[in-house]
């Protein structure tokens, strides 16, 4: 029972972090010098297989650059 009290909060914190994280590669982040949230939305539906891209992310996936990208919407 004591182990369960420790595991549940840790699992909850991990799930919360994963639910709000955006997925981009370190290479993209280094190249563009922007945070992940420049191109990604933070939603519970986002996964590595299906990242939720905003209008900037869609532009980047097509052009492979942020130069000339539309302004991010909030």
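Model label sites at residue 25 and residue 49, defined 7 Å from Cα along the beta-carbon direction, differ in position by 2.0 nm. So the label point goes 7 Å from the Cα of residue 63 along Cα→C-beta, right? Which residues of the stretch 32-56 then have their backbone N under 11 Å from it? Answer for this model: 56.
Bear in mind these aren't lab numbers, they're just calculated from the coordinates by the rules spelled out. None of the values given here were measured: they were computed from a predicted structure. Glycine also receives a Cβ, built like all others from the backbone with ideal geometry; neighbour counts cover every protein chain displayed.
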